[in-house]
Structures are given as structure tokens and as C-alpha cells.
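As C-alpha cells, the structure follows; a few thoughts come after it.
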Amino acid sequence: MPDIQEIIENRFLVTHFQPQVSLKRKAVVGLEALSRGFDPKSGEIIPPTLLFAQARDKASRLALDRACRTNAAESFAALHRKDKSLMLSMNIDASCINEETRGSNHLLNLVNRCGISPSNVIIEIIESRCEDTDALMSFVNFYRQNDFLIALDDVGAGFSNLDRIPLIKPDVIKLDRGLIKGVNEQFHKLEVVRSFVQMSNRLGCLVLAEGVETAEEAMCLLSNGVDVFQGFYFARPAPGLDAVPGMATKVDALAERHRENRTQQIADDKRLYSSYDLTVLTMCQGLAETQAKDMGQALSAFVESYEGVECLYVLDMRGTQISDTVCDPGRLKTSKRFLYEPATIGADHSLKEYFLPIQAGLEKFTTRPYISLASGNLCITISHVFYHKSSGRHRILCVDMSREIDGGCL
């Protein structure tokens, strides 16, 4: 295998492109340029991990980074002439961004020479690799002023510095493949993805999920606000647009499957929540006729009678708990008891998600799924106002219903 200097000087490099797909648009919206080396004697490809591992000092890393960028831009130029809407995602080795390199304008000069519009180029940065924040910000501001888009890569990975998101204000946030893998089966991962999607919507940037390997992951992410995908499920990196034509059928089939699944899920949820509402209303009617001293006994009977009920408790209209929390003992976590402990009489629920809508005037409210502090399980809480006849006051029944991940994704 040639050494790193020989690879750089002779440009023993090849650029493969991996498509970035929008399922809502049913189209390829961008291509990420991925560099590989090659051995001219054997013709074998040098994988990127091995290629970049050879660049051990700063000078070699910078030279290799620029050689890869040049190869990528030149390879993309022909594609850009055919389709002006395609975006080019290009990685920058952030460890090379420092006081000495930030004013070189190498990338700007390169795309201009290749006839590529800067507005069609996304600069991907793994910000955790940059040691000089001032140089990084100078680099970002310069290229943004020249119409390039900025993406933060590997967001959600172990070393990602989230405090740089408001600092850099990226146009694109690329969620790390470690966060995406199995997201349809892991509630905690899904909640992290949802938080990034919500944040990105408020900040006006796009979320891209990379490393998508299954249809289930893609459908789960699509259901939770992610629209642009990249990964082996859609296409492996390939020269030019070799991987793109074969994706159309897969994308169409996935979009149709998503539509059917979502329609079915909405119908199933409607039936499920209607049954929940009937159950809670029946409980409220029973509690309305119950003496205050017998309320705990009535709640215990409800837990035994209705499947899926984890915990029950009653609040006054100020959000103060006036009954014990009655739980199904078979559903309580036996570990982490210092975290998961049912609330007791006198507990203040006035800031809880299930109380505030009631205070605002709603008669009933159902939360999104969350991990219950009473049981430690995934649940929803339904709060419902009822009139307690013996006390002559309105009360609020709170019901924690078990809500397991349905079909792998909520």
C-alpha cells in the first residue's frame, strides 16, 4: 500500500457518494462525499479508517483533507451541471481549523473553480474535534456569509458538545448513527431524537438521520418529525449516481407503507383512547358517589378491576393530592426505589403536565407517554374532573395507564 504522502501527491483517491433522501418529497436531495484511497498497483480500495489513520500529524491531516475535498468537488461538478438542485455534503476535518488555516479560503476557491454554487454545498463539521473555538467561529461565519450551509455531524454521539449548537447555529443537525440504531425499539433513544427534532424546529434547522439501516427505523423517525435520511437501508456509498436509480422503488414502497401504518395507528389509537376515556369516566362516576373515607378502597377496587391501570390518585382543584396513590403492586419497579416512589397525600402536582390543562379549564387531559415516577414504567396519565357529592367539591382523578411501545415506536 502506498504511504500517505504518495497518496496525497498523486491523488490516489476516489470519491463515493451516499444519497440523502427526503421521504416526504420522495427524492434524493443531497449527496455526502466519502473519500477512499486506492492502491494503483493492486487496484484495491483503501478504506477510510485506514486511509485517515495514516495522517498522523497536522500537516498530513490538512493536506489529506484538502486533497479529499478537491476530489469530491471535482467529482460532484459533473452531477451539479446536470441537476442544480442536488446538494453536496462535504466533511471538514475540524482539527485542521486553526489560526493558520482559517483565512485560506481553500474551499470557496475550490467550488468556484469547479463551477459549483456555494449555496449547494453543506459543510459538515464534527465540532468536538476543533480545539480553537475562535477559529471555528471565524470559519463558520465566513462560509455562511458566502452562502454555504453548515451542518453539525455526529450530534448525539458521546463527545458532542451540545453547547456549540446555539453558538454555531447550524443549518443541518446530523443525528449520530449510534442514536439512530434501534430507535424504534428503545424509548429513551426515541425521546432524545424527539428533543432534537423539537429544538431544531424552533431553531429553524433541518434534522438528518444518518446510519438508517432498517425500514422500521426510517418509519419511526418519519413519524417523529425526521424527514431526511441517509444510510445503508437506502443506498451504500457508490461512485457518481450509481446508487440513486435503484432507490426509487424502495422509497415509494416505504412512503406507502408509512402512510398505511400511520393510518392504521391513528385508528388503533382512537379506539384505545376511547376505551381509556370510558374507563376513566366510569371510575369518576363511581367516585362521585363514594364517601371521602372510602375513596382509597374504591381506588383499590378499580386497580383490580381494570386491566392496564398502574396507579390511581385524586387531587383537589389546586393540584394537591388528597388520596393515597393506589398502585398495582405487580407493576411497581423493585429497583431504583429512590427514583420511583408513588406520591402521598399532600403532594403538590400543580406544575404537572396533567394538571395545568385542567387548571386552564379543560375537563380532561391525556399526556404523551413518559416514564412514571410512581411505577418506573412507560405510561400515560389521564386526568379527569368529577363532582364529589359528599364533599360538594370538584376533584380530579388521575389514572396512570400502562403504555408499552406499540409496534416498536410511539
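The values are calculated or read from the model by the stated rules, or taken from the named source; none is laboratory data. These figures come from a predicted structure and were not determined experimentally. Ideal geometry is used to build each Cβ from the backbone, glycine not excepted, and the neighbour counts take in all protein chains shown. Keep in mind that these areas ignore ligands, DNA and RNA; they rest on the heavy atoms of the full protein, side chains included. Shrake-Rupley method; radii C 1.70, N 1.55, O 1.52, S 1.80 Å.
Details
- For the chain, relative contact order (Cα pairs under 8 Å, six or more residues apart, normalised by length) works out to 12 percent.
- The label-point distance for Ala157 and Leu356, in a model that sets each label 7 Å from Cα toward Cβ, rounds to 3.5 nm.
- For q = 0.09, 0.13, 0.16, 0.21 Å⁻¹, Debye-computed log10 I/I(0) when each Cα of the range 80-235 counts as one equal scatterer: -0.31, -0.63, -0.92, -1.34
- Taking the centroid of alpha carbons for each part, the range 344-374 and the range 184-249 are 33 Å apart.
- For Ser383, the shell of other residues with beta-carbons less than 13 Å away shows a net charge of -2, using +1 for Lys and Arg and -1 for Asp and Glu.
- The chain - percent of accessible surface contributed by carbon and sulfur, probe 1.4 Å: 51 percent
- For the range 24-63: rounded, prolate or oblate by the Cα gyration tensor [a/c cutoff 1.5]: oblate
- Cα-based helix-to-principal-axis angle, 295-305 vs the chain, degrees rounded to 10: 60 degrees
- Rounded if a/c under 1.5, otherwise prolate or oblate - the range 262-394, Cα gyration tensor axes: rounded
- Nearest-ten-degree value, helix 187-203 long axis tilted from longest Cα axis of the chain: 70 degrees
- Helical contribution to [θ] at 222 nm, DSSP H n ≥ 4, -39,500 (n - 2.57), averaged over the chain, rounded to 500: -11500 deg cm²/dmol
- Solvent exposure of the range 1-110 amounts to 47 Å² per residue of accessible area, where only protein heavy atoms count and the probe is 1.4 Å.
- Ligands, DNA and RNA are left out, and with a 1.4 angstrom probe the accessible area of the range 256-387 is 56 Å² per residue.
- Cα gyration tensor, the range 26-154 - rounded (a/c under 1.5), prolate or oblate: oblate
- On the basis of the beta-carbon distance and an R0 of 60 Å, Lys82 and Glu185 show a calculated FRET efficiency of 0.90.
- Estimated at the nearest 10 Å², the accessible area of His16 is 30 Å² with a 1.4 Å probe.
- Glu131, Glu260, ranked by accessible area, largest first (probe 1.4 Å): Glu131, Glu260
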